[in-house]
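Presented below is the structure to which this report refers.
Readers should treat all values here as calculations from the given coordinates under stated rules, not as data from a laboratory. This structure is a prediction, so every number in the text was calculated from the model and none was measured. Here the Cβ is made from the backbone with ideal geometry for all residues, glycine too, and neighbour counts use every protein chain on show.
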Amino acid sequence: MNMKTALSTLILTGVYAIFGWGQESPALKEKNRLLETELSLAKSPGTYMVIDVEGRTVSLKARGIVLRQWEIKKTRSWGKTVPLAVMKLAGKSALSEPERPNITPGKEENKSEAKGGKDSVDLGILELKNMPVHFSLDFGQGIHISVRPRTGRSWPALVNIGKRVSWYTFLPLKTLWYAARKKSFTEIELVMPSEKDAQGIYWSFLEKHNTIILHRRS
């Protein structure tokens, strides 16, 4: 299925769901709202992310087509349910931020010629192996998502233990702090099957990336 076909299918499905039923059940209303929300993104040429907390997937999409999808091994949430709307990534942070070299075109061309061609230049850009495995995604409005992998390596495993302890000690205090100021917040933790999965999500999230968070909770 190409992008044009996927977009057309998404539009037709949305039109049918929105106008094809007289009485809508709560589940159908939610599906219609999701279709409307995603349609607003699928009509533009850029990519967007869909974090389905209940369905346990993170998807990189464009024009309604899934370009890449990651399984979520485990998830837990604290605080207010995230509203169904298009959000922009306000920022991402990690214990160890990946270092990206500054590239000066003229200098890099000279280095390339000296080494025997462009292929010999290691620009060090978008290297998945250099991406962090523990990081946080901030969407503003008090909405915060942390990502970590299941791992057997000593250092990442120690960080995981620290995050589990923090979940039951820091978040209750944060709840009281926000409540005293009559504000709410949302904390969601995504545990990925492997370090590579976590790195892939960090790598794919761009600055101000449009995102839909599906956070259905009873």
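Please compute the net charge surrounding residue 142, taking Lys and Arg as +1 and Asp and Glu as -1 over other residues with Cβ under 15 Å from its Cβ.
Counting the neighbours of residue 142, the net charge comes to +4.
By count of other Cβ within 10 Å, fewest leading, how are 204, 25, 194, 166 ordered?
25, 166, 194, 204
If you stretched the chain out fully between residue 167 and residue 95, how much longer would it get, using 0.36 nm times the residue separation minus the C-alpha to C-alpha distance?
24.2 nm
Within a 10 angstrom radius of the beta carbon, how do 93, 136 rank from fewest other beta carbons to most?
Ranking 93, 136 by Cβ neighbours within 10 Å, fewest first, gives 93, 136.
Of the cross-linked pairs 74/183; 31/163; 80/163, which ones have a Cα-Cα span greater than 23 Å in the structure shown?
74/183; 31/163
How would 203, 70 line up from fewest to most surrounding beta-carbon atoms within 10 angstrom?
The order, fewest Cβ neighbours first, is 203, 70.
In whole Hz and in residue order, list the ³J(HN,Hα) couplings for region 190-200 that follow from phi through the Karplus curve 6.51 cos²θ - 1.76 cosθ + 1.60, θ = phi - 60°; x for Gly and Pro.
For region 190-200, the Karplus-derived couplings read 10, 9, 8, x, 8, 5, 4, 5, 4, 4, x Hz, x marking Gly and Pro.
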